[in-house]
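The structure appears right after this line, and notes come after that.
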Amino acid sequence: MANEKKVDYRFKLLYAISMVLVVKEHANGEALSFLQHWFPTDGMLMGMFTFASGYFYHAKAEANVGGYILKKFRHLMIPIFLYNLAYGIFIQITRLKGFTIGGDFTLWNLLVSPLYDGHAFLYNLGGWYMVSLFYLEVCHVLLRKLISITRIKIHEGVFFAAGCALGVLGAYLAGHGWSGHHAGLKLVIVRVLYFVPYFEAGIFYKRVFEKYDRRIPSFPYFLVIFAVKYMISLRYGKMPRFFPSWCEEFYYGIFTPTLSGLLGVAFWFRVCTILEPVLGRSKAVNLIADNTYSITINHFFGFMTLKTIFGLLSHVIPSVIYYFDWDKFKSDIWWFYWPKELPSTTLLYVAAGVLVPILIQQGLNFVNKKIPSMIPALRKE
């Protein structure tokens, strides 16, 4: 069909890899640690999604800023509040069984906390990124619209450089008290500043650099990336890790977070470009890529589902599943049970953290087909 959108399977693969690595990182496991010492996943993965968002940004959004913002609010923010309500209710129900995970069912935790830290009910803590992305995209389109009104022509390289400067500013502010659980609006601002370079990098890549990137052979491309990464590790004695969720660990200079993160994006995007002809159209890859929102929000529920299974099995096969700590299971969402301390259990947690959210999304899609107007904000389109 003439109007059918062309799918860029490089990004399908990028979404899938990023999503699996996010789930793996939250599973606290030792398995699946490929290249972790060179490209720590903590501060880079959400940057990869932001890079993709920038790549797919269209200037036509500036012709209808209000419509663009409403669309982003519908797709990014309304599901946040609906999931927050659902998990808030779920937590109150589990408290009847002795669980202490998550906060109280208050108006603040329901309506305000998602806009700040997003960790009130814990199960959906991944939603903090969606909120940060929404703020970023709103600020970005408003700025681009303002500049377009002035009719001043600014090269995309200038936008990218300015974006990197804002990322540096965010790292500086994070090191001067604008971070942590009690930073409030300051934390929100630093999170957004952290992601600006990635968003502008996506736009710059598509509009300027992509035609040159395709001409660069992979060997010198990777050689430069690993060389710079090695120099960073020499400077600090290890490869720095960054955690944009709370922005508390920015100890390694104000330039390193942006530089290290963008190098990680450059590495994985070239890997995806190489693998795209082989894996880009994989049904499994596309299933994960098409359900990234649900996986981001619901993967801790997937973890808890697997832990519940382990707990039940501890009564059935105690010779295999033993020393299951029910107190920690009910009180600490970051506690994981490892049968016989096997690190390969990470694979099971990753599978649960991916498959359970996909099933949740498939269920929502089914409901919306039966009752189209019921929860349109959660419909996958």
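Below are the figures for this structure:
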| read-out | value |
| --- | --- |
| Lone qualifier among LEU193, LEU166, LEU187 - being crowded, with 23+ Cβ neighbours inside 10 Å, under 23 Å from the mean Cα position of the chain (by Cα), more than 16 Å from MET44 (Cα to Cα) and of a type outside the set (Asp, Glu) | LEU187 |
| Output for the range 1-40, where each listed residue is hydroxyl-bearing (Ser, Thr, Tyr) and at pLDDT 70 or above | TYR9, TYR15, SER18 |
| Set PHE250, PHE267: member being in a helix (DSSP H, G or I) and in contact (Cβ under 8 Å) with a residue 60 or more places away in the chain | PHE267 |
| Members of the range 299-317 found to be closer than 27 Å to MET19 by Cβ and either touching a residue at least 60 places away in the same chain (Cβ under 8 Å) or not aliphatic (A, V, I, L, M) (or both), listed by number | HIS299, PHE300, PHE301, GLY302, PHE303, MET304, THR305, LYS307, THR308, PHE310, GLY311 |
| Residue match in the range 345-367 (condition: among the aromatic types (Phe, Trp, Tyr), closer than 21 Å to PHE81 by Cα and in a helix (DSSP H, G or I)) | yes |
| Test for LEU85: is it out of contact with any strand residue (DSSP E or B) (no Cβ under 8 Å at 6 or more places or on another chain) and without any contact (Cβ under 8 Å) to a residue 12 or more places away in the chain | no |
| Extreme residue, farthest from TRP178 (Cα to Cα), among residues of the range 226-265 that are surrounded by fewer than 16 Cβ atoms within 10 Å (Cβ to Cβ) and of a type in the set (Gly, Ala, Ser) | ALA227 |
| Residues (over 24 Å from the mean Cα position of the chain (by Cα), surrounded by 11 or more Cβ atoms within 10 Å (Cβ to Cβ) and of a type outside the set (Ser, Thr, Tyr)) located in the range 208-225 | VAL208, PHE209, ASP213, ILE216, PHE222, LEU223, VAL224 |
| Count of residues meeting criterion [among the polar types (S, T, N, Q) and more than 22 Å from LEU122 (Cβ to Cβ)] in the range 311-331 | 2 |
| Selection from the range 81-95 of residues that are within 16 Å of MET304 (Cβ to Cβ) and surrounded by fewer than 20 Cβ atoms within 10 Å (Cβ to Cβ) | ALA86, ILE89, PHE90, GLN92, ILE93, THR94, ARG95 |
| Any hit, the range 348-370, residues being more than 27 Å from the chain's Cα centre (by Cα) and without any contact (Cβ under 8 Å) to a residue 24 or more places away in the chain | yes |
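Residue by residue, here is whether (1) of a type in the set (D, E, K, R); (2) modelled with pLDDT of 95 or more; (3) at negative phi; (4) in contact with a Phe, Trp or Tyr (Cβ under 7 Å, 6 or more places away or on another chain) holds:
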position: CYS164; (1), (2), (3), (4): no, yes, yes, no
position: HIS176; (1), (2), (3), (4): no, no, yes, no
position: VAL208; (1), (2), (3), (4): no, yes, yes, no
position: LYS211; (1), (2), (3), (4): yes, no, yes, no
position: ALA227; (1), (2), (3), (4): no, yes, yes, no
position: SER233; (1), (2), (3), (4): no, no, yes, no
position: PHE242; (1), (2), (3), (4): no, no, yes, yes
position: PHE255; (1), (2), (3), (4): no, no, yes, no
position: GLY264; (1), (2), (3), (4): no, no, yes, yes
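Residue-wise test of (1) assigned to a helix (DSSP H, G or I); (2) modelled with pLDDT of 95 or more.
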position: MET46; (1), (2): yes, no
position: THR50; (1), (2): yes, yes
position: MET77; (1), (2): yes, yes
position: ILE80; (1), (2): yes, yes
position: ASN84; (1), (2): yes, yes
position: PHE99; (1), (2): no, yes
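The values are calculated or read from the model by the stated rules, or taken from the named source; none is laboratory data. Computed from a predicted model, the values in this text were never measured in an experiment. Please note: Cβ atoms are built from the backbone with ideal geometry, for glycine as well, and neighbour counts cover all protein chains shown.
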